[in-house]
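Please read the structure below before turning to the comments.
Values quoted throughout were computed directly from the atomic coordinates according to the rules given, and no laboratory measurement underlies them. Since we're looking at a predicted model, the values are computed, not measured. All Cβ positions, even for glycine, are placed from backbone atoms using ideal geometry, and neighbour counts span all protein chains on display.
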Amino acid sequence: MVAEHPETAGLAPADPPALDFHGLVVALLPLDPYHPALEPLIDDLARIAALNLQLNAAFHRIAARSGFAAGGEVRREHLAEDATAVFAFLEYMHFASPSFLKSVGEWPLGGVRG
């Protein structure tokens, strides 16, 4: 039996460290063909991935498979069954981004079309 340290006696074990969604998005973007256009949206992508239940779970699984917390690297094979959801999310965000909408004459929203 291991004796408890007097300062931590009776305390619950610490929660695991929170997932670094920002870092994980940065690591995932080079795997996506739209990554140059999505780089300005990294903060938004990380926030959405953290708040969306499906993406949050997928990002946690990817981080676990890749050992992301220890190495900070993600390869395509680490996405496994989560690749479809992650790439669909990134594709949607690309086509909904201000830079894409501007390129097709739809930004700013409510603007006059030619």
Report the net charge of residues surrounding residue 46, where surrounding means a beta-carbon distance below 15 angstrom and charges are Lys +1, Arg +1, Asp -1, Glu -1.
-4
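Identify the GluC sites (Glu not before Pro) of segment 23-103 meeting these criteria: DSSP loop state and at most 15 other C-beta atoms within 10 Å of the C-beta.
Working: sites: 73, 77, 81, 91; in loops: 73.
Loop-located and lightly packed - 73.
Exposure proxy check: 66, 99 ranked by fewest other beta carbons within 10 Å?
On the way: 66 20, 99 13.
Arranged by neighbour count, lowest to highest, 66, 99 become 99, 66.
Counting pairs of Cα atoms in segment 21-103, how many percent are more than 18 Å apart? Kindly include the intermediate steps, with their values, before the conclusion.
Numbers: 1199 of 3403 pairs.
When all Cα pairs of segment 21-103 are counted, 35 percent exceed 18 Å.
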Taking the beta-carbon count within 10 Å as an exposure proxy, list 100, 95 from fewest neighbours to most.
95, 100
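Which of the trypsin sites (Lys or Arg not before Pro) found in segment 40-98 are in a DSSP loop and have at most 15 neighbouring Cβ atoms, other than their own, within 10 Å? Walk me through the numbers on the way to the answer.
Values: sites: 47, 61, 65, 75, 76; in loops: 75.
Loop-located and lightly packed - 75.
Would you tally the net charge around residue 93, using a Cβ to Cβ cut-off of less than 11 Å, leaving residue 93 out, and scoring K and R as +1, D and E as -1? List each step's numbers first, then the result.
On the way: positive: none; negative: 32, 44, 91.
Value of the local net charge: -3.
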